[in-house]
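*Asks:* The structure's right below; bear with me while I get my questions together.
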Amino acid sequence: MLAVKDVLSSLEQDNSNLIKALQLIQEQEGYISNEAIKEIANYFNVSPVDVEGVVTFYTQFKRIKPGEHTICVCDGTACHIKGSPLVKNWIEEELGIKEGETDKDGFFSLEVVACLGCCSLAPVVSIDGKVYGNLDRKKLLKIIKQYRNGGAK
Amino acid sequence: MIKRIKVGTASCGIAAGAKDVLEFIKNNVTDIDIVEVGCIGHCYAEPLVEVETDDGESIIYRDVKPDKADLDKILSLSDEKRLKVRNERSSRELIMVTKLAGRISPVSIDEYKKNGGYEALAKALSMSPKDVVDEIKKSGLRGRGGGGFPTGLKWEFLSAKESERKIMICNADEGDPGAFMDRSLMESVPHQVLEGMLIGAYATGATDLFIYVRAEYPLAVRNLGIALEQIKNEGLNNLNGRVVDIKIKEGAGAFVCGEETAMIASLEGKRGNPRYRPPFPTDKGYKGYPTAINNVETFGNVPLIIKGGADRYASIGTEHSKGTKLFALAGDLKYPGLVEVPMGITIGEIVFEIGGADKDKVKAVQIGGPSGGCIPAKYFDTPIDYDSLKSLGAIMGSGGLIVISSDRCMVETARYFLEFTSRESCGKCTFCRIGTKRMLETLEKITGGKGSLEDVAFLEDIAGKVKNGSLCGLGQTAPNPVVSTLRFFRDEYEKHVVDKQCPALQCNALVDLYLNQDKCIKCKLCIKNCPVNAISDDFVIDCDICTRCNTCMEVCPVDAIKRVPKGGKSE
Ligand SMILES: Cc1cc2nc3c(=O)[nH]c(=O)nc-3n(C[C@H](O)[C@H](O)[C@H](O)COP(=O)(O)O)c2cc1C
Ligand code: FES
C-alpha cells in the first residue's frame, strides 16, 4: 500500500487536484483519516479546515473506517418507487446497523445512495460496486449470506 | 455462419448478470469473435446477446443465462428467446443519437470510424468556426441538461471572447436520481460525446476541455478514459494545428455540482457552492476564464447535426424543440429502459405504447426529477417539448421519466423529493437550507398521519418563498414536486390530513396489516419470517408491534395478508 505522501507526490500541486487527492487516498485507505487531512493541507498549502470543508461537502468521502464490504442501497426515484425503503429496513435488521454505520465485526457497512443508473432493474443495491437488481427479501438475504460465506466475488 | 457475438455489458447488463454470460460464452466458444458492447435501451430484457451473421443479419437474444441450453439456442440461431421489438415501440421511437449505442464496441475507435465516426469532425474542420456555430444555431438544438438553453447561442458567446484560455465542460454529473441517459451514452458511445466536444472546441476556440463525471459511474469513466487515449494517439485533438487538452474529472457525490457555477467551483477543488450569476460562466468561469458548459446528450447530438446538416435535423421535432430526446423510463411499467423519441411525441405514447404500462393502473408520471413535477394521466396527450411541459409545472429536466401507478402515494413521492433536495442543498441560502427542511418536516407530518389542513396551506405558502429566496436552480425548483402534486393531487393530501387515510395504502403510519383467517392455510410461514414476532400463534397480527415491512405478505403462499386502511379490518 502506498503511503499518503506517495499518493500526493503523483499529483501536481494545484488546488484543482484536491478532490482527486482525496479520492486517491480514500481508494487506498478506505477513508480519510485525520493524518491524511493534515498531509493534504500541507501539500496544497491550505489550512486543514479547508480540506475538512471539502471532505464534508461531498458525500463520497468517509471520515470513519468502513467495513470489509460496503452495501449501497439505491434510493433513487425508480428504486424508491419500487420499495427501496423496505430494502433498507431488511438490511438494517439483518446487520443490526443503521445507514452510515459499520457492523460490529467490521464486515459490512451500509450506505444509501441516489441512483446507481440501473433504474430499469429497481430496486437495486450494490456491494463493493457490483450491482444486484430486482431484489426481494429472499434474494437479498441470499446475497448477504453469500458474502458471509466468502462465496461472492 | 456467425461472424461475431456481442454481449451487452453496460451497467444495466452487468447488474442483470451479463458478465457471467460473457465469461460462459468465452469459455465455450473459441472460434468466433466475442465483443463487449454497450446498452441498446431494452434494459427490461437484459442480459442481451447479439449475433451477427456473415450475411449481415443481426439477431438479438434476451434474458440469456450462462448455461449450455441458452448458448445452444444462440449458436443455432434458434427462434426461441429472440428479442422482438414490439411494433408499438419501434414505430414510435426515432433512433438517432443512440444509433450506435450497444451496436459497436465502446472502446474501439476503429469501429466507431467504420460507422461514420469522426466524419463530422473532419467536416467541421473544413468549415470556418463561425460556420459551425451558425450550423448549430440553425439546427435549433437546445441544451439537454434541463434548462433548454440554445446551444448555438452559448457557443457564440464563448467564441466571441478574447482570452488566452477558454474552457469547455461536459456536464456528466447526471444528478437526477432516476435518470441514466448520460450514463448510457458515455458507456456505450464515448467517442460520439468526445467528437461533439471536439467540434465544440473548434467552433468556440476552447483550449481546455473537461468532462465532469459522477463518481457513481465507474464504467463511464473507464470507457471515456480509453476513448480519450485513442483520440490523443491518433492526434484527433489537433484541430487544424491547435492542440486542445481534454481531462476527465470525477465528481464526489453532490447533486448541486450539476449546477454550472457549483461545477466550476468543484473543478477548482473547492466546495461546490453555486454563486450568483452574472457574471455568467461564459464571461468568467473556471479560474476566471470564459467557460461554456454543455450536457452529455447535447454533445452527443452535435456530430449528427454537422454531418447531416442543420436543416435535416431541424425537420424533426416541434417548432421550438428540435431533434430527439432520450428518456430513462422506469417505475411501474412493463418495459423499463432507455428510449429515444422525437420531440413532440405525447407522454401517453411513451408510457403506454413504448413502456407497456397498464392503462387502468397508471396515475401519473414524474418528469424532471427533484426539479420537476408530476403530470396526471388526464394530461397524457401533452406533447413532449420544453414549453408544454413547463406550462404543466413539470420540466423536461434531463430525461428521467418515472411512471407512477395508483398504488403509490403522491404525498410520499413529494416527500421523497424534498428529502433529496433538503439533503443536497449546499446550505448557502437560508430559504433553501431551512425552507426545504421545513417542507420536509411538514410532509413527514402529513404522511405520518399527524397533519392538518393548516400544514397543507403552509406548504403552499413556503413553496413560493423557497423558490424566490434561493440563488441557484436547486432551491428555485426544489418546491416543484410539492407544488405540482398539490395542483393535481390535492385530494390525496386532504385524505391524509382530514380522514387520516392514505388512499394508495403506502404511508405506513396510516396502514394496518390484516390477515384474513378464511384464506389462511395455517402454514406458519408468516410467523416464522416475521422479523419482530408480531404474529400470534393463532394468526393475528399485532399492529402495535408490526413494522409494516411486508415480509409476511411476500412469503404468504395464498395472499391471505393485505395492507388495509388503519383501523379498518375488512377488505
Ligand atoms: C441543482 C442543479 C443540478 C443540475 N444537474 C445537472 C446535471 O446533472 N446534468 C446536466 O447536464 N445539467 C444539470 N444542470 C443544468 C446545468 O446547470 C446546465 O444548465 C447544463 O449543464 C447546461 O448544458 P446544456 O445547455 O447542454 O443543457 C443542473 C442544474 C441545477 C440547478
Ligand atoms: S433509482 Fe435506483 S438505480 Fe436508478
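The values are calculated or read from the model by the stated rules, or taken from the named source; none is laboratory data. Worth saying up front: this structure is predicted, and the values here are computed from it rather than measured. Reconstructed Cβ throughout: ideal geometry from the backbone, glycine too, with neighbour counts over all protein chains shown. Surface accessibility is based on the protein's heavy atoms, side chains included, excluding ligands, DNA and RNA. Shrake-Rupley method; radii C 1.70, N 1.55, O 1.52, S 1.80 Å.
*Asks:* Checking B:ALA377 against (1) within 14 Å of chain A (Cβ to nearest Cβ); (2) at pLDDT 95 or above; (3) over 16 Å from the mean Cα position of the chain (by Cα), which single condition isn't satisfied?
*Replies:* (1)
*Asks:* Separate question: Quick one: would you say B:VAL221 is open to solvent by less than 50 Å² (accessible area, probe 1.4 Å), more than 27 Å from B:GLY309 (Cα to Cα), modelled with pLDDT of 95 or more and in the same structural domain as B:THR298 (by TED's automatic domain parsing)?
*Replies:* Numbers: open to solvent by less than 50 Å² (accessible area, probe 1.4 Å): yes; more than 27 Å from B:GLY309 (Cα to Cα): yes; modelled with pLDDT of 95 or more: yes; in the same structural domain as B:THR298 (by TED's automatic domain parsing): yes.
Spelling it out, B:VAL221 is indeed open to solvent by less than 50 Å² (accessible area, probe 1.4 Å), more than 27 Å from B:GLY309 (Cα to Cα), modelled with pLDDT of 95 or more and in the same structural domain as B:THR298 (by TED's automatic domain parsing).
*Asks:* Limited to the stretch B:510-543, what total is found for residues that are more than 37 Å from the chain's Cα centre (by Cα), of a type in the set (A, V, I, L, M) and not in a loop (DSSP other than H, G, I, E, B)?
*Replies:* So the count comes out to 5.
*Asks:* Please go through the stretch A:110-139 and give me each residue that is facing another protein chain (nearest Cβ under 7 Å), crowded, with 24+ Cβ neighbours inside 10 Å, farther than 13 Å from B:GLU216 by Cα and not hydroxyl-bearing (Ser, Thr, Tyr), ordered by number.
*Replies:* If the condition is that a residue be facing another protein chain (nearest Cβ under 7 Å), crowded, with 24+ Cβ neighbours inside 10 Å, farther than 13 Å from B:GLU216 by Cα and not hydroxyl-bearing (Ser, Thr, Tyr), then A:CYS119, A:LEU121, A:ALA122, A:VAL124, A:GLY133 are the ones that fit.
*Asks:* Further, regarding this structure: Taking the stated definitions as given, is B:LEU267 touching a residue at least 60 places away in the same chain (Cβ under 8 Å), among the hydrophobic types (A, V, I, L, M, F, W, C), within 14 Å of chain A (Cβ to nearest Cβ) and more than 12 Å from ligand 1 (Cβ to nearest atom)?
*Replies:* Working: touching a residue at least 60 places away in the same chain (Cβ under 8 Å): yes; among the hydrophobic types (A, V, I, L, M, F, W, C): yes; within 14 Å of chain A (Cβ to nearest Cβ): yes; more than 12 Å from ligand 1 (Cβ to nearest atom): yes.
Yes, satisfied.
*Asks:* Can you tell me how many residues in the stretch B:21-32 are of a type outside the set (S, T, N, Q) and either modelled with pLDDT under 95 or assigned to a loop (DSSP other than H, G, I, E, B) (or both)? Reasoning before the result, please.
*Replies:* First, the residues of the stretch B:21-32 that are of a type outside the set (S, T, N, Q): B:21-26, B:29, B:31-32.
Filter again for either modelled with pLDDT under 95 or assigned to a loop (DSSP other than H, G, I, E, B) (or both), leaving B:29, B:31-32.
Qualifying residue count for the region: 3.
*Asks:* Which residue is surrounded by the fewest Cβ atoms within 10 Å (Cβ to Cβ), if the candidates are limited to the stretch B:82-104 and must be in a loop (DSSP other than H, G, I, E, B) and over 21 Å from the mean Cα position of the chain (by Cα)? So that I can check it myself, show each step before the final result.
*Replies:* Of the residues in the stretch B:82-104, the ones in a loop (DSSP other than H, G, I, E, B) are B:83-86, B:91-104.
In the following step, the residues that additionally are over 21 Å from the mean Cα position of the chain (by Cα) were identified as B:83-86, B:91, B:104.
Values: B:LEU83: 17, B:LYS84: 9, B:VAL85: 15, B:ARG86: 13, B:SER91: 12, B:ILE104: 24.
That would be B:LYS84.
*Asks:* Tell me, which residue of the stretch A:45-54 that is closer than 18 Å to A:LEU24 by Cα and open to solvent by less than 50 Å² (accessible area, probe 1.4 Å) is nearest to ligand 2 (Cβ to nearest atom)?
*Replies:* Here the residue is A:VAL54.
*Asks:* Within the stretch B:283-297, which residues are buried (at least 24 other Cβ atoms within 10 Å of the Cβ) and either within 16 Å of ligand 2 (Cβ to nearest atom) or not small (Gly, Ala, Ser) (or both)? Break it down into steps so the answer makes sense when it comes.
*Replies:* Keep residues of the stretch B:283-297 that are buried (at least 24 other Cβ atoms within 10 Å of the Cβ), which gives B:285, B:290-297.
Across the stretch B:283-297, the qualifying residues are B:PRO290, B:THR291, B:ILE293, B:ASN294, B:ASN295, B:VAL296, B:GLU297.
This table checks each residue for (1) in a helix (DSSP H, G or I); (2) aliphatic (A, V, I, L, M); (3) within 16 Å of ligand 2 (Cβ to nearest atom); (4) in contact (Cβ under 8 Å) with a residue 40 or more places away in the chain.
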| position | (1), (2), (3), (4) |
| --- | --- |
| B:LYS154 | yes, no, no, yes |
| B:VAL193 | yes, yes, no, yes |
| B:MET197 | yes, yes, no, yes |
| B:ALA215 | no, yes, yes, no |
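*Asks:* Would you check which residues across the stretch B:457-485 are in a helix (DSSP H, G or I), away from ligand 2 (no atom under 16 Å from the Cβ) and buried (at least 22 other Cβ atoms within 10 Å of the Cβ) and list them? Walk me through it before giving the result.
*Replies:* In the first step, residues of the stretch B:457-485 are kept if they are in a helix (DSSP H, G or I); the result is B:457-468, B:473-477, B:480-485.
Subsequent filtering for residues that are away from ligand 2 (no atom under 16 Å from the Cβ) retains B:457-468, B:473-477, B:480, B:482-485.
The answer is B:LEU459, B:VAL466, B:LEU474, B:GLY475, B:THR477, B:ASN480, B:VAL482, B:SER484, B:THR485.
*Asks:* Against the definition (outside the structural domain of B:LYS232 (by TED's automatic domain parsing) and not acidic (Asp, Glu)), how does B:MET96 come out, yes or no?
*Replies:* yes
*Asks:* Mind counting the residues in the stretch B:167-209 that are farther than 21 Å from B:MET396 by Cα, within 14 Å of chain A (Cβ to nearest Cβ) and open to solvent by 10 Å² or more (accessible area, probe 1.4 Å)?
*Replies:* The qualifying residues number 1.
*Asks:* Does B:PRO503 satisfy the condition of being within 16 Å of ligand 2 (Cβ to nearest atom) and either more than 19 Å from B:VAL411 (Cα to Cα) or in contact with a helix residue (DSSP H, G or I) (Cβ under 6 Å, 6 or more places away or on another chain) (or both)?
*Replies:* Working: within 16 Å of ligand 2 (Cβ to nearest atom): no; either more than 19 Å from B:VAL411 (Cα to Cα) or in contact with a helix residue (DSSP H, G or I) (Cβ under 6 Å, 6 or more places away or on another chain) (or both): yes.
No.
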